[in-house]
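Engineer: Can you keep this structure in mind? I'll have questions shortly.
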Amino acid sequence: MIRYTSELIRKAVHFSSLAIPIGLYLVPVSVSQPALAYLTLFTLIVEVVRLHVPQFRAVFYLLFGRILREHERFNLLGSTYLFIAALLCIHSFEKGIAVVSLGFLVVGDTVAALVGRRWGRIRLLDKSLEGSLGCFFACLIVGWVYPGTDVTWPMIVVGAFTATLFEFLPIPMDDNLRMSLSAGFAMSLLT
């Protein structure tokens with residue numbers, strides 16, 4: 001299990017990916033979508049090299065091994081799934097929904113992990129109730145600070161609940177994909 005300080009570093013890196021939904025909000029889709037496609041392609045190339053070139057893998061683990069989860073050693077990294085999720089969200093949903101659902105992912109997942117590991121006492125399905133509540137309220141805050149008017153408060157509440165539920169459930173799919181896509185889909189149903 002990753003120690004809490006390593007989890008703090010991992011989640012600081014994860015939180016820095018808040019630049020993705022902020023960039024998607026600020027930049028027209030005609031520019032952001034191709035840029036995101038190229039970044040996703042780049043991460044996939046790095047993944048192939050990391051997984052198949054032992055010398056590169058050794059350097060990669062020397063630099064980042066402390067913050068990797070065990071299942072990431074021989075599979076795609078969570079960051080790669082995040083780029084894939086961002087590309088799928090901006091392609092599949094209206095811009096505001098894509099931005100908010102990615103904000104839910106970045107902020108909600110970060111808060112869930114940090115709160116759950118630090119203060120989580122009530123365990124359910126290998127998660128903590130405290131972490132899930134932290135995720136839900138963090139998602140609500142993301143929706144509250146979202147500057148657009150195209151995502152309504154009912155959409156935010158439904159999306160926050162859905163993102164939290166899909167973060168909590170032990171579905172064998174990376175939570176970077178399942179949180180953002182499920183929240184975006186749920187919010188799209190209310191348009």
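Engineer: Where in the chain is the longest stretch that carries no trypsin sites (Lys or Arg not before Pro) classed as loop by DSSP and with at most 11 other Cβ atoms within 10 Å?
Structural biologist: Between the exposed loop sites, the longest stretch runs 4-120.
Engineer: Arrange Asp150, Asp126, Asp109 by Cβ neighbour counts within 10 Å, fewest through most, would you?
Structural biologist: Asp126, Asp150, Asp109
Engineer: If you take the charge dipole of the chain about its Cα centre, with +1 on Lys and Arg Cβ and -1 on Asp and Glu Cβ, which of Cys139, Leu190, Leu26 is farthest toward its positive end?
Structural biologist: Projecting each Cα onto the dipole axis, the largest value belongs to Cys139.
Engineer: How big is the charge dipole of region 4-188 about its Cα centre, in debye rounded to the nearest 20, if each Lys and Arg gets +1 on its Cβ and each Asp and Glu gets -1 on its Cβ?
Structural biologist: Details: 14 positive and 12 negative charges, 102 e Å.
For this selection, approximately 480 debye.
Engineer: Moving on to the next point. At 0.36 nm per residue, and after removing the present C-alpha to C-alpha distance, how many nm does the segment from Leu41 to Thr5 gain when stretched out fully?
Structural biologist: Working: separation 36, 0.36 × 36 = 12.96 nm, distance 3.06 nm.
Full extension of this stretch gives 9.9 nm more.
Engineer: Which of the listed residues, Ile9, Leu169, Thr80, is farthest toward the dipole's positive end in the chain, when Lys, Arg count +1 and Asp, Glu count -1 at the beta-carbon?
Structural biologist: Farthest towards the positive pole: Ile9.
Engineer: D for region 1-128, whole µm²/s, Stokes-Einstein with Kirkwood Rh over alpha-carbon pairs at 25 °C and 0.890 mPa s: what number?
Structural biologist: Using the Kirkwood radius from Cα pairs, D works out to 154 µm²/s.
Engineer: Let me ask something else. Take every Cα pair under 8 Å in the chain that's 6+ residues apart, average their separations, divide by the length, and report that relative contact order as a whole percent.
Structural biologist: Worked out over the chain, it gives 24 percent.
Engineer: Nearest 500 deg cm²/dmol is fine: what mean residue ellipticity at 222 nm does the chain get from its DSSP H runs of n ≥ 4 alone, each adding -39,500 (n - 2.57), divided by its residue count?
Structural biologist: Rounded to the nearest 500, it is -23000 deg cm²/dmol.
Engineer: Related question: Net charge near Val53: determine it from the other residues with C-beta under 15 Å of the C-beta of Val53, scoring Lys and Arg +1 and Asp and Glu -1.
Structural biologist: My count for the surroundings of Val53 gives +2.
Engineer: Please state, to two decimals, what the Cα-based radius of gyration of region 56-191 comes to when divided by 2.2 N^0.38 Å (N = residues).
Structural biologist: It is 1.08.
Engineer: Turning to a different aspect of this structure: Using only the Cα atoms, work out Rg/Rh for region 88-139, with Rh taken as the Kirkwood radius, to two decimals. Spell out each step's value before the answer.
Structural biologist: Values: Rg = 12.9 Å, Rh = 11.5 Å.
Taking Rh as the inverse mean 1/r over Cα pairs, Rg/Rh reads 1.13.
Every number in this text was worked out from the coordinates using simple rules, so none of it is lab data. Keep in mind it's a predicted model, so treat the numbers as computed, not measured. Note that each Cβ is placed from the backbone with ideal geometry, even for glycine, and that neighbours are counted across all protein chains shown.
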